[in-house]
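Values quoted throughout were computed directly from the atomic coordinates according to the rules given, and no laboratory measurement underlies them. On a predicted model such as this, the values are computed, not experimentally measured, just so you know. Every residue, glycine among them, receives a Cβ derived from its backbone with ideal geometry; neighbour counts consider all protein chains shown.
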Amino acid sequence: MIEPEKDKVIDLETGRTISTGSFQESPEKILTEILIYMPTIGIADTTFARYDMGRAAIDEIQKNVSVKIIRVTVPGIKDLPVAAKKLIEEKGCDIVMALGMPGAKEQDKICAHEASQGIIMAQLMTNTHIIEVFVHENEGKDEKELAFLMDRRTREHALNVIKLLFKPEKLIREAGTGQRQGFEDAGSLRS
Amino acid sequence: MIEPEKDKVIDLETGRTISTGSFQESPEKILTEILIYMPTIGIADTTFARYDMGRAAIDEIQKNVSVKIIRVTVPGIKDLPVAAKKLIEEKGCDIVMALGMPGAKEQDKICAHEASQGIIMAQLMTNTHIIEVFVHENEGKDEKELAFLMDRRTREHALNVIKLLFKPEKLIREAGTGQRQGFEDAGSLRS
Amino acid sequence: MIEPEKDKVIDLETGRTISTGSFQESPEKILTEILIYMPTIGIADTTFARYDMGRAAIDEIQKNVSVKIIRVTVPGIKDLPVAAKKLIEEKGCDIVMALGMPGAKEQDKICAHEASQGIIMAQLMTNTHIIEVFVHENEGKDEKELAFLMDRRTREHALNVIKLLFKPEKLIREAGTGQRQGFEDAGSLRS
Amino acid sequence: MIEPEKDKVIDLETGRTISTGSFQESPEKILTEILIYMPTIGIADTTFARYDMGRAAIDEIQKNVSVKIIRVTVPGIKDLPVAAKKLIEEKGCDIVMALGMPGAKEQDKICAHEASQGIIMAQLMTNTHIIEVFVHENEGKDEKELAFLMDRRTREHALNVIKLLFKPEKLIREAGTGQRQGFEDAGSLRS
Amino acid sequence: MIEPEKDKVIDLETGRTISTGSFQESPEKILTEILIYMPTIGIADTTFARYDMGRAAIDEIQKNVSVKIIRVTVPGIKDLPVAAKKLIEEKGCDIVMALGMPGAKEQDKICAHEASQGIIMAQLMTNTHIIEVFVHENEGKDEKELAFLMDRRTREHALNVIKLLFKPEKLIREAGTGQRQGFEDAGSLRS
């Protein structure tokens, strides 16, 4: 469980975390500043996927932090890049999760590749992280394991999103430790 | 059958659905506002395809909603990305359907990949959805099944276009339910 | 044989075909307006190709319409994307044909893929069609058939270019009819 | 061991190395100009990697030159392109190292390809070098060799980064000499 | 051997070759105009390559024309796209040669593909030709043949660069004649 620094918020202008000590002045002022500063996480998922990844992401985020969440659902993974970019540029999201389940066929692998390229391009065009969470339909040995994997990977990446927004220094501490999402961590190399 | 909210229209400036109650004031005012607000769907298809996907798309859209439709036809699928972008930027389309039938040869698969990458890039450059509807020539076991599939997938994606424009909340309700276009839906995972 | 509407020209500002009835007013006025309105077709080909595709394209265009033609030749197909973009942005071409013959080796296929991606990107950056005419060196069973194919495909795409410029409605009428360039048309599906 | 010219600094406006003789005038002036001129190297690495490449890079840089270093860690290699671009555009880095360990599976190879494309695009969008240091998980025969390789390649590329910033003429002298990072140099061809 | 028209120079504003008859007026004026008009060729190569392609390119150019040459060397081929773009945008190069030797391994082929895509993108972003000269390490049967091939292909493309800058009409005359760089020309098809 991540414990976000409750008395800190992101200054959307500068991207820096600022102290919110001043929030304790008066309830009205606090409310105003929270409305101004609360970061927004975008969630984009698909009707093609066979598990409600968007709901898992939102649930995990809300368990851990208070943020504004905006969700959109598109037909398939190739619709995710522009959906994520619109969440950033038209809805003001500070970070986006792009959730999808590429199918098991060869053609589906190519679609996933195209979607991933688009998601990277969307990030470069907006200078904003879009965390891609793709679970390939053939990653699970049966429907139950696949559902479990889609749930776990989504939730673990939701925690990464929170760290990127609120605790980037935590990620530095995890650098090179072989983190995996959905599967067991690989760990650091023994040398 | 989708039943669009007949008394709502999209505000093209904000992208929000606005009430059209005011449309009942006077016939002249209604006409003016309809001319201003009616969304435009672009249809781009090819002479290479062996089924008139553009006609199927237009038929399905017109059965369900009143919108302005602009159609262009280009030689092949690699001409679709710029055709779609021109529909958006030069003709004011709010969303575009890019319809094509990649051939069965290996080289045709590469063309489809290039076209798909271009369609994603066109969306990122315009912040506008372009719904790609590709049916590979070898997806049907014979000409009859292929024609059926091209018709069905086009029409089902036409309904997705309508939802994206008028009922995005319907798509959220379908998130993770394994929707397929042309084939039977895969459904949610049993877990 | 395409019969272009001789009394119509493209308004380069709007992209619309306008009546040229006014051209019959006085010779001086006609000359001026032709100079202003005559569309320009760019032709980019390569020294790598083993057939003069540029000449075939120019010959076919000039047989059918009066337009300004600007030709450039570059070493190989990977030089075509920027050559085409320069024709559009520096020479004012309204449409470009990018003509090339990818070699038969595996590495040549990758080059063709890179060139095609670049050609699509160049179109998206300019909102202008670039009709790619590639004939792979191994598409013909011998040199004679390859030369025939390079000539035919180039000429048939030259007619597509003319339709895109002057008769886009003709392409809509051909939508879904299985047109092929160089080979026999596949035709519409029997269903 | 590279011996950077200690009395030279980069003029960030022009990109040229300028003499710092004037730095010996007064302590206050020196401090000011160092604050203005000291180049910044960005380090972006991942929690997915199984060796702390970021620490190795920083250690090697600090052994050789005095520069400002800014580090970020992201979940995986596909998050590196935008992380590097943000380091350049939001943190003012003059050059960035993008450090990652693609996994051994086929899907991981595709991810690495997507990340590399994004890193090249990020460079083109910023006119700034991003030195990619990827060590594939299957490049080492065991964990020990892999760790060794990740350390070596990172450090040798850190020296390349220093040369690009301070001694570009050294790289020209090494042109065509078959330099390898992590492995033994291949050397010039014997002809 | 190309014989450049010694009494012509490129007007960098318009890209047109202009007569330099006026250069014979007075020595001072000539010097000034040469400084203004002399085109600049950028040379980007790598320390990874096992033959000094940059030196071969510069030698061949200087044998044939008087131009300004700016050279940079980067570690590997994936660093070439931004290096070439910087030569164009920061150093004012009118054309660039990007010289590299992709390795023989499968992973090296992917790197070459990424570099080529980046080089095409850099051209599209600058409207400037970047002539890619890649010799794959496994194109020669031994080190001697590989060195010969790297030298020949570089020099023959240097002549292409000169033609693109000074004699584009020569390239049109060679269109479709099956030119090859490094290997024997394939020639026109016999039909």
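Rounded to two decimals, the Cα-based Rg/Rh of the stretch D:39-173, with Kirkwood Rh, is 0.95.
Between E:ARG180 and E:GLU89, the modelled label-to-label distance comes to 3.8 nm, taking each label 7 Å out from Cα in the direction of the beta carbon. For E:ARG50, the residues whose modelled amide H falls within less than 5 Å of its own, excluding neighbours fewer than 5 places apart on the same chain, are D:GLY178.
Nearest 0.05, what FRET efficiency do C:SER188 and B:LYS105 give at R0 = 25 Å with Cβ-Cβ as r? Calculated value: 0.80.
Overall size of the stretch D:101-191 from C-alpha positions, given as principal axis extents largest first: 39, 36, 27 Å. Label-to-label distances for B:LYS141 across copies, nearest first, come out at 3.2, 3.2, 5.2, 5.2 nm, using points 7 Å from Cα in the beta-carbon direction.
Distances between copies at C:ALA186, taken between label points 7 Å from Cα along the C-beta direction, are 2.6, 2.6, 4.1, 4.1 nm in increasing order. Look at the stretch A:161-172: the mean tally of other chain Cβ atoms within 10 Å of its residues' Cβ atoms is 3. Each residue in E:PHE183, A:PHE48, C:PHE134 was given a count of other beta-carbon atoms within 10 angstrom of its own, and listing them fewest first yields E:PHE183, C:PHE134, A:PHE48. Derived scalar couplings between HN and Hα for the stretch C:147-159 equal 4, 4, 5, 5, 5, 5, 4, 4, 5, 5, 6, 4, 5 Hz in order, rounded to whole Hz, by the Karplus curve 6.51 cos²θ - 1.76 cosθ + 1.60 (θ = phi - 60°), x for Gly and Pro. Placing a label point 7 Å from the Cα of C:SER66 along the Cα-to-Cβ direction, the distances to the matching points in the other copies come to 4.7, 4.7, 7.6, 7.6 nm, shortest first.
Please give the peptides B:94-104, B:123-133 ranked by average Cβ packing (other Cβ atoms within 10 Å per residue), highest first, as a rough proxy for protection.
Values: B:94-104: 25.5, B:123-133: 22.9.
Packing proxy ranking, top to bottom: B:94-104, B:123-133.
Could you work out the relative contact order of the stretch E:39-173? I mean the mean sequence separation of Cα pairs under 8 Å and 6+ apart, divided by the number of residues, in percent.
Details: 232 pairs, mean separation 37.7, N = 135.
Dividing the mean separation by the residue count of the stretch E:39-173 yields 28 percent.
Listed cross-link partners A:LYS63/A:LYS163; D:LYS91/E:LYS91; D:LYS109/E:LYS105 are compared with a 21 Å cut-off, the Cα-Cα value being larger for D:LYS91/E:LYS91.
Within 10 Å of the Cβ of each residue in C:93-102, the mean number of Cβ atoms contributed by other protein chains is 1. Look at the stretch A:120-133: the mean tally of other chain Cβ atoms within 10 Å of its residues' Cβ atoms is 6.
Per-residue Karplus couplings for the stretch C:70-85, computed as 6.51 cos²θ - 1.76 cosθ + 1.60 with θ equal to phi - 60°, are listed in order as 10, 10, 10, 10, 10, x, x, 5, 6, 8, 5, x, 6, 4, 5, 5 Hz, Gly and Pro entered as x. Phi angles across the stretch D:53-59 convert, under the Karplus curve 6.51 cos²θ - 1.76 cosθ + 1.60 with θ = phi - 60°, into 3J(HN,Hα) values of 5, x, 5, 4, 5, 5, 4 Hz, Gly and Pro given as x.
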